[in-house]
1. Look at Ile35 and say whether it is closer than 18 Å to Glu137 by Cβ and in a strand (DSSP E or B).
2. All but one of (1) of a type outside the set (Asp, Glu); (2) within 15 Å of the chain's Cα centre (by Cα); (3) on the phi > 0 side of the Ramachandran plot hold for His101; which doesn't?
3. Condition (residue is in contact with a strand residue (DSSP E or B) (Cβ under 8 Å, 6 or more places away or on another chain) and surrounded by 19 or more Cβ atoms within 10 Å (Cβ to Cβ)) applied to the range 101-109: is it met by at least one residue?
4. Across the range 34-68, what is the total count of residues that are open to solvent by less than 90 Å² (accessible area, probe 1.4 Å) and farther than 24 Å from Trp144 by Cα?
5. Could you list all residues from the range 74-91 that are surrounded by fewer than 18 Cβ atoms within 10 Å (Cβ to Cβ) and either β-branched (Val, Ile, Thr) or on the phi > 0 side of the Ramachandran plot (or both)?
Amino acid sequence: MKQTIPMKTIQFFSEQTTFTIKNKTQIREWLSNIIRQQKKLIGEINIIFCSDEYLLKLNEQYLNHDTFTDIITFDFVEGKKISGDIFISVDQMKENAKLFHVKQSVETHRLIAHGVLHLLGYKDKSPKDKKIITAQEDRALEWWR
């Protein structure tokens, strides 16, 4: 039996950008499937698309990093309940799409999956961890298509 995902559980926002995501209902279902595959529960997840400048300020304020980045994930996970805020730079997303020769929509979904995977406990600091999370991103993108 398919679980219905309440609209308020996974929400989308924009800060300092006009970018809006399409297919919100399908993305909610896709992310819920990723989370359930890991035997976790869906809490409140906010996906915020923002400008480079907005994300840089967060990076400086909360992580003491003075660099641009494509994504920052704030983990509010409690036990098996997956919750958090995922901030995605639209500017970096577009640059990544060009750099990796993929459609912008593919890069958008990769970054969304990447943020959720962080909430599920996947890391990306070491080469070994990067290989694991990238494989999980690829798997998630296969489910999307």
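1. No; evaluated as a whole, the condition is false for this residue.
2. Among (1) of a type outside the set (Asp, Glu); (2) within 15 Å of the chain's Cα centre (by Cα); (3) on the phi > 0 side of the Ramachandran plot, the lone unmet condition for His101 is (2).
3. Looking only at the range 101-109, we keep the residues that are in contact with a strand residue (DSSP E or B) (Cβ under 8 Å, 6 or more places away or on another chain), and these are 108.
Those left that are additionally surrounded by 19 or more Cβ atoms within 10 Å (Cβ to Cβ): 108.
Yes, the range 101-109 has at least one match.
4. Qualifying residue count, the range 34-68: 11.
5. Scanning the range 74-91 gives Val77, Gly79.
Residues are listed down the side, and each one gets a yes or a no for (1) closer than 18 Å to Ile112 by Cα; (2) at pLDDT below 95:
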| residue | (1), (2) |
| --- | --- |
| Gln37 | yes, yes |
| Glu44 | yes, no |
| Phe49 | yes, no |
| Tyr54 | yes, no |
| Leu63 | no, yes |
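The values are calculated or read from the model by the stated rules, or taken from the named source; none is laboratory data. Just so you know, these numbers come straight off a predicted model, no measurement behind them. Don't worry about glycine lacking a Cβ; one is built from the backbone with ideal geometry, like all the others, and counts go over all protein chains shown. Surface areas here come from the heavy atoms of the whole protein model, side chains and all, with no ligands, DNA or RNA. Shrake-Rupley method; radii C 1.70, N 1.55, O 1.52, S 1.80 Å.
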